[in-house]
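Here is the structure we will look at, set down as structure tokens.
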Amino acid sequence: MTNRERAMNLLHYKPADRLPAVHFGYWNELLTEWAEQGKISKELADNWSDGNEADAEIDKLIGWDFNWFRTVCGNIHLNPQFETKVLETFPDGTKRVQNGNGMIEKIKPGITSIPSEDDYLLKDRTAFEALYKEKMQFTPDRIDLEFFKNFNDTRRNDVPIGLHLGSVLGEIRDIVSVMGMSYLMYDEDEDLFADIIDTYADMQYKCAEAVLETGAKFDFAHYWEDICFKNGPLISPDFFDELCAKHYKKRNDLCHKYGIDIISLDCDGVTEKLLPTWFENGVNTMFPIEIGVWGDQFEPARKKFGNGMLGVGGMDKTALRKDKAAVDIELERIKRLASMGGFIPCPDHRLMPGTKFELVQYYAEEIKKIKI
């Protein structure tokens, strides 16, 4: 079987000869570590991104079958983006930077985690109308029609490839910040917040529609959201359902019209309270199912939502920083989850610094021995 056949069979509760060895990429700092250790070349470390040639070369060195995050789309973001510029530099080297979304971030030297939010431009309706609304409109040049018209002839057919649907709320959070989103929802202008979501969602829907109208075929569709943290959602579940449910349904109905029935959604953190909105409106695949401090979220969710809820992820990546015994324990847990069907194991997010190259190789080798 090809890895595409394995993955699609598993997610449709059909027989597969074995589990595929699937991953979700790396922190860049880990690739630098591996290059310094002589495990991979510096060129691979410098050039890696999801689904590119460097990714494929690292797959061969480790033994991965494929990276789940192999998706394509049009230009589904602000267009054009804001100029990225340094607004202020502090004595310790920290910089206040306006990014392409109009968010103001504080970037500290030597710190590689997500920068702290400091300010944002989209604070009221005047800013929305003057600075953002035009950047959120659909225009035909967002879609490379020639690329998608030839997509079926040029795509890899041995691995699953998805259509990226964008984001209903996650990218809005990246534009207005967590703080700004909170003010818009509760203190400032609820109607404006709804207008922002509706405008952005309409653009992304039209992008997906234009791509699918070319005849390009996909194995799955995929959202990026990231609107939860370790204690739950960043928004009231009722408010989320009120503002966002209709946009998931509209986009997912479009996918169903074109024969796409696997619809994956990437959201970190504790997602339980938002699952009803997603699964009642066409999303059916959890990803990457983080373990973290909140434990296994997939099994209880499957019991609640039934076999229509699928999963990709759920492997505790921290085992890959420890030893073979820890990996073996994780493999046994994964074997139990996989036996439920409709589930593909994958590290529960990007592999982080300190991950041991040989343990990743061992995991990739052993996961392929599990037959379903």
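Roughly how many debye, to the nearest 20, is the charge dipole of the chain about its Cα centre, given +1 on each Lys and Arg Cβ, -1 on each Asp and Glu Cβ, and no other charges?
Numbers: 46 positive and 64 negative charges, 277 e Å.
Charge dipole of the chain: 1320 debye, to the nearest 20.
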Exercise. Suppose every K and R has +1 on its Cβ and every D and E has -1 on its Cβ; what is the size of the dipole of the range 1-126 about the Cα centre, in Debye to the nearest 20?
Worked result: 380
Problem set entry | Extension gain, residue 53 back to residue 32 (0.36 nm per residue minus Cα-Cα distance, nm) | 5.8 nm
Seminar exercise, completed: Ranking 143, 169, 199 by how far each Cα lies towards the positive end of the charge dipole of the range 102-203 (+1 on Lys and Arg Cβ, -1 on Asp and Glu Cβ), the top one is 143
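Calculate, for residue 79 and residue 323, the FRET efficiency according to 1/(1 + (r/R0)^6) with r their C-beta to C-beta distance and R0 45 Å; round to the nearest 0.05.
Values: r = 48 Å, r/R0 = 1.06.
Here the calculated transfer efficiency is 0.40.
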Exercise. How much mean residue ellipticity at 222 nm does the chain get from its helices, if each DSSP H run of length 4 or more adds -39500 (n - 2.57) and you divide by all residues, to the nearest 500 deg cm²/dmol?
Worked result: -11500 deg cm²/dmol
Seminar exercise, completed: Ranking 114, 40, 372 from most to least accessible area with a 1.4 Å probe gives 114, 372, 40
For this session: Estimate the FRET efficiency between residue 61 and residue 226 by the formula 1/(1 + (r/R0)^6), using the beta-carbon distance for r and 30 Å for R0, to the nearest 0.05.
Result: 0.55
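So, with +1 on the Cβ of K and R and -1 on the Cβ of D and E, and no other charges, what is the size of the charge dipole of the range 250-350 about its Cα centre, to the nearest 20 debye? If you can, show how the numbers build up before the last one.
Details: 15 positive and 15 negative charges, 21 e Å.
Dipole size: approximately 100 debye.
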Problem set entry | Choice from 285, 214, 89 with maximal GNM fluctuation in the chain (Cα, 10 Å cutoff) | 89
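Of the heavy-atom accessible surface of the chain (probe 1.4 angstrom), what whole percent is carbon and sulfur?
Working: 8080 of 16330 Å².
Ligands and nucleic acids excluded, carbon and sulfur reach 49 percent.
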Seminar exercise, completed: The set of residues whose placed amide H lies less than 5 Å from the amide H of residue 342, leaving out same-chain residues fewer than 5 positions away, is 13
Problem set entry | Solvent-accessible area per residue for the chain (1.4 angstrom probe, square angstrom) | 44
Exercise. What is the extension gain from residue 113 to residue 186, computed as 0.36 nm multiplied by their sequence separation minus the C-alpha to C-alpha distance, in nm to one decimal?
Worked result: 23.4 nm
Problem set entry | Label zone at residue 194, where the point sits 7 Å out along the Cα-to-Cβ direction: the range 228-271 residues whose backbone N lies under 16 Å | 236, 238-248
For this session: For residue 242 paired with residue 14, estimate the spin-label separation in nm (one decimal), with each label point 7 Å from Cα along the Cα-to-Cβ line.
Result: 4.3
Seminar exercise, completed: Contour minus Cα-Cα span, residue 210 to residue 5, at 0.36 nm per residue, comes to 71.1 nm
Exercise. Looking at 62, 40, 313, which one has the Cα that reaches farthest to the positive end of the dipole of the chain (charges on Cβ: Lys, Arg +1; Asp, Glu -1)?
Worked result: 62
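Which whole-number percent is the relative contact order of the range 152-291 (Cα, under 8 Å, 6+ apart)? Walk me through the numbers on the way to the answer.
Values: 181 pairs, mean separation 39.1, N = 140.
Relative contact order comes out at 28 percent.
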Exercise. Taking a probe of 1.4 angstrom, what is the accessible area of residue 83 in Å², to the nearest 10?
Worked result: 120
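How large is the direction-averaged shadow of the alpha-carbon convex hull of the range 121-171, in nm²? Could you put the intermediate results ahead of the total?
Numbers: hull surface 21.5 nm².
Result: a mean projected hull area of 5.4 nm².
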Exercise. Which value, in Å² and to the nearest 10, is the accessible area of residue 154 when all protein chains are kept and the probe is 1.4 Å?
Worked result: 100
Exercise. Given a Förster distance of 45 angstrom, what is the FRET efficiency for residue 86 paired with residue 156, based on the Cβ-Cβ distance and rounded to 0.05?
Worked result: 0.70
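The values are calculated or read from the model by the stated rules, or taken from the named source; none is laboratory data. In this text the structure is predicted, and so the values were computed from the model without any measurement. Cβ sites come from the backbone with ideal geometry, for glycine too, and all protein chains shown count toward neighbours. SASA here: full protein model, heavy atoms, side chains in, ligands and nucleic acids out. Shrake-Rupley method; radii C 1.70, N 1.55, O 1.52, S 1.80 Å.
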